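The values are calculated or read from the model by the stated rules, or taken from the named source; none is laboratory data. Just so we're clear, the structure is a prediction, and the values are computed from it rather than from any experiment. Neighbour counts run over all protein chains shown; Cβ positions are idealised from the backbone, glycine included.
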Ligand code: FDA
């Protein structure tokens, strides 16, 4: 069977690309090996889909996308903006709210976004094949041939939207990287991103009693810092602040945690020395932070005696602990739980306006398979919509 465009991968980026190409009158086939389209959308945002971020714009989003070339994403992001996706969501009567930091979530289930995209696909005349395994892709004189288990299809344009390696249990395969290599495109190193961090046994033994505790913190790695919730788990550290910093962290690096963000810890401690001279350091910290965390920090400080007797020098050591608590993760939970894959198809080999491979006419890469990864908070879906949209205009 012949199509104008074949899109591989019916996730966020692939559906958007198929819709846009279909709206232009192109005959589009969208293929996925999963039983449903948009499985990750369904579970995203804790089941409420954080479908975009109002700051994922060219002006404010400049430093919120990681890539070997962070400027690459800006063209697509400027042409398909959060406002455009919000307008689509509103047209379908889907209620939503801003949770925090510009993050827009559905009020109801995330499946509303899937229903909306499937509706748009129907209107655009897109043919959808699910549970379809791709055996082989080859170049023909006029385009591409895709061989499936029982059939094959040809098209002038091929859009690869098969995502990254995160959550293999949900069908992630790394297939897009293989295709990129097959067609001579370069890859940048891939790594799990937006992922909880883990610790060696000794450090973990100290942290596990705190499992379930969340506290606001500023988590820092070099010049990068995120002020959001930090969560202690049985495996290490998680929560938005940790997920964000994990995309910047590398094996062997330490992270620093400011447990009193926005507060002058020195001033707080000096006031406490006057007001609570007869208590232990744990009690003072326990007034500022969750009790079990205060206990852990107190143990690490190992400063017996009454707080009223503490010298300025001792207070400075406590202040450093509270403002620059240094932790050394050993690793991350990996692709099993990572929300995204960092790295991917090298942007040097793609056209920023259309997502087309520079050296292979008719071949496009969109979404997570490309070396563009957003911050937590709706940035990754906005990249999927915007890059899918861009390819859909051109394919
Ligand atoms: P995506 O992974 O969505 O789709 C790829 C598709 O290709 C899949 O349907 C897969 O089955 C198919 N495929 C793969 N290999 C194939 C093969 N060999 N043959 C056929 N089909 C194949 N982002 C955000 O902005 N807001 C949020 O709230 C969340 N929440 C969230 C929660 C969780 C648990 C995860 C894991 C991730 C998020 N994300 C997120 C990230 C977001 O889900 C991600 O960035 C996008 O889904 C990427 O869209 P793509 O279309 O590029 O890939």
Yes or no: residue 228 surrounded by fewer than 19 Cβ atoms within 10 Å (Cβ to Cβ), modelled with pLDDT of 95 or more and on the phi < 0 side of the Ramachandran plot? no
Being under 20 Å from residue 40 (Cα atoms), within 10 Å of the ligand (Cβ to nearest atom) and in a strand (DSSP E or B): is that true of residue 104 here? yes
Checking the structure you have, find out if any residue of the range 110-133 is free of Cβ contacts under 8 Å to residues at least 60 places away in the same chain, within 13 Å of the ligand (Cβ to nearest atom) and over 18 Å from residue 85 (Cα atoms). no
Let me spell it out: the conditions are (1) more than 15 Å from residue 352 (Cα to Cα); (2) assigned to a helix (DSSP H, G or I), and residue 76 meets all of them except one. Which number is the exception? (1)
Identify all residues within the range 340-395 that are in contact with a helix residue (DSSP H, G or I) (Cβ under 9 Å, 6 or more places away or on another chain), assigned to a helix (DSSP H, G or I) and within 21 Å of residue 170 (Cα to Cα); write none if there are none. 367, 368, 369, 380, 381, 382, 383, 384, 385, 388
Looking at the range 56-66, is at least one residue over 18 Å from the mean Cα position of the chain (by Cα), within 13 Å of the ligand (Cβ to nearest atom), at pLDDT 95 or above and surrounded by 21 or more Cβ atoms within 10 Å (Cβ to Cβ)? no
Residue check, residue 296 in a helix (DSSP H, G or I), without any contact (Cβ under 8 Å) to a residue 60 or more places away in the chain and away from the ligand (no atom under 16 Å from the Cβ): no
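Starting from residues that are closer than 19 Å to residue 146 by Cα and in a helix (DSSP H, G or I), keep the ones in the range 6-21 and report whichever is farthest from the ligand (Cβ to nearest atom). Lay out the reasoning, then the answer.
So the first thing to find is which residues in the range 6-21 are closer than 19 Å to residue 146 by Cα, and the list is 6-11, 14-15, 17-18, 21.
Okay, now just the ones that are also in a helix (DSSP H, G or I), so 14-15, 17-18, 21.
Values: 14: 5, 15: 7, 17: 9, 18: 11, 21: 15 Å.
Ranking the qualifying residues of the range 6-21, first place goes to 21.
Could you please let me know if residue 48 is farther than 27 Å from residue 189 by Cα, in contact (Cβ under 8 Å) with a residue 60 or more places away in the chain and more than 16 Å from the ligand (Cβ to nearest atom)?
On the way: farther than 27 Å from residue 189 by Cα: yes; in contact (Cβ under 8 Å) with a residue 60 or more places away in the chain: yes; more than 16 Å from the ligand (Cβ to nearest atom): no.
For residue 48, the condition - farther than 27 Å from residue 189 by Cα, in contact (Cβ under 8 Å) with a residue 60 or more places away in the chain and more than 16 Å from the ligand (Cβ to nearest atom) - is not met.
Keeping to the range 355-369, report how many residues are near the ligand (Cβ under 8 Å from one of its atoms) and on the phi < 0 side of the Ramachandran plot.
Step one: filter the range 355-369 for residues near the ligand (Cβ under 8 Å from one of its atoms), giving 366-369.
Okay, now just the ones that are also on the phi < 0 side of the Ramachandran plot, so 366, 368-369.
Matching residues across the range 355-369 total 3.
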Scan the range 170-182 and tell me whether some residue there is touching a helix residue (DSSP H, G or I) at 6+ places or on another chain (Cβ under 6 Å) and more than 26 Å from residue 242 (Cα to Cα). yes
Could you check, for the range 177-195, whether at least one of its residues is under 18 Å from residue 328 (Cα atoms), in a helix (DSSP H, G or I) and either modelled with pLDDT of 95 or more or out of contact with any strand residue (DSSP E or B) (no Cβ under 7 Å at 6 or more places or on another chain) (or both)? no
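Looking at the range 135-152, which of the residues that are buried (at least 18 other Cβ atoms within 10 Å of the Cβ) and more than 13 Å from the ligand (Cβ to nearest atom) is nearest to the chain's Cα centre (by Cα)? Outline the logic, then answer.
Going through the range 135-152, the residues buried (at least 18 other Cβ atoms within 10 Å of the Cβ) turn out to be 137, 143-144, 146.
Among the residues that remain, those that are also more than 13 Å from the ligand (Cβ to nearest atom) are: 143-144.
Working: 143: 33, 144: 31 Å.
Out of the qualifying residues, it is 144.
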Quick one: in the range 22-45, of everything that is assigned to a helix (DSSP H, G or I) and within 7 Å of the ligand (Cβ to nearest atom), which residue is farthest from the chain's Cα centre (by Cα)? 39
Cβ-Cβ distance below 6 Å, separation of 6 or more or different chains: which pairs start in the range 306-319 with a residue that is within 16 Å of residue 276 (Cβ to Cβ) and end on one that is at pLDDT 95 or above and exposed (fewer than 13 other Cβ atoms within 10 Å of the Cβ)? 306/278; 308/277
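Quick check on this structure: which one of 341, 337, 373 is surrounded by fewer than 24 Cβ atoms within 10 Å (Cβ to Cβ) and within 11 Å of the ligand (Cβ to nearest atom)?
On the way: 341 fails: surrounded by fewer than 24 Cβ atoms within 10 Å (Cβ to Cβ); 373 fails: surrounded by fewer than 24 Cβ atoms within 10 Å (Cβ to Cβ).
Sole residue among the options that is surrounded by fewer than 24 Cβ atoms within 10 Å (Cβ to Cβ) and within 11 Å of the ligand (Cβ to nearest atom): 337.
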